[in-house]
Amino acid sequence: VQLQASGGGLVRAGESLRLSCVASGNIFFLATMSWYRQAPGKQRELVATHTRGDSIDYADSVKGRFTISRDNAKNTMYLQMNSLKSEDTAVYYCNADFPNRRNYWGQGTQVTVSS
């Protein structure tokens, strides 16, 4: 499985971005899909998760501002990011975790929020 993340960019605080993650193959629907991010000098952190059973969870820092979704027909996961803050600046990675314990990462997309 290959994951391709896109949609990052440079925005001002308060603006929005929508990230996408497209998966290859035909088993996307089996995966728990997640977004992670890593800011300079910090550890990678979990941002949001969408299980194959449609259970969703968010990091406290993004609750109420970010929305994770997925379209299994398009093998695509999204992250709608609203009311962006400077502290959201990071490289965002998509992750696919399968029941057979195989785990895959996308290449990352840079999000920069200017204050």
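The values are calculated or read from the model by the stated rules, or taken from the named source; none is laboratory data. Quick caveat, the model's predicted, so the values are computed rather than measured. Cβ atoms come from the backbone with ideal geometry, glycine included; neighbour counts cover every protein chain shown. The protein model used for the area step is the full one, side chains on, heavy atoms only, and it has no ligands, DNA or RNA in it. Shrake-Rupley method; radii C 1.70, N 1.55, O 1.52, S 1.80 Å.
Of all residue pairs spaced 6 or more apart or on separate chains, those with beta-carbon atoms under 9 Å, a first member in the stretch 33-55 that is of a type in the set (A, V, I, L, M) and a second member that is assigned to a strand (DSSP E or B) and open to solvent by 90 Å² or more (accessible area, probe 1.4 Å) are Leu46/Asp57; Ala48/Asp57. Among all positions in the stretch 46-55, there is at least one residue which is open to solvent by less than 60 Å² (accessible area, probe 1.4 Å), in a strand (DSSP E or B) and touching a Lys or Arg at 6+ places or on another chain (Cβ under 7 Å).
Taking every residue in the stretch 94-115 that is open to solvent by less than 90 Å² (accessible area, probe 1.4 Å) and pairing it with any residue that is of a type in the set (Lys, Arg) and not in a strand (DSSP E or B), at least 6 positions away or on another chain, the pairs with Cβ-Cβ distances below 9 Å are Ala96/Arg102; Pro99/Arg52; Val113/Lys85.
Here's a check for you: in the stretch 62-88, which residue that is surrounded by fewer than 16 Cβ atoms within 10 Å (Cβ to Cβ) and more than 14 Å from the chain's Cα centre (by Cα) is nearest to Tyr36 (Cα to Cα)? Per the stated criteria, the residue is Glu87. Of everything listed in (1) touching a strand residue (DSSP E or B) at 6+ places or on another chain (Cβ under 6 Å); (2) open to solvent by less than 60 Å² (accessible area, probe 1.4 Å), the single unmet condition for Gln38 is (2). Counting only residues that are over 9 Å from the mean Cα position of the chain (by Cα) and under 13 Å from Asn95 (Cα atoms), which one in the stretch 7-23 is surrounded by the fewest Cβ atoms within 10 Å (Cβ to Cβ)? The extreme case among them is Val22.
It is to be established whether one or more residues within the stretch 26-33 are among the aliphatic types (A, V, I, L, M), part of a loop (DSSP other than H, G, I, E, B), under 20 Å from Gly9 (Cα atoms) and open to solvent by less than 60 Å² (accessible area, probe 1.4 Å). Taking every residue of the stretch 26-33 in turn, none turns out to be among the aliphatic types (A, V, I, L, M), part of a loop (DSSP other than H, G, I, E, B), under 20 Å from Gly9 (Cα atoms) and open to solvent by less than 60 Å² (accessible area, probe 1.4 Å).
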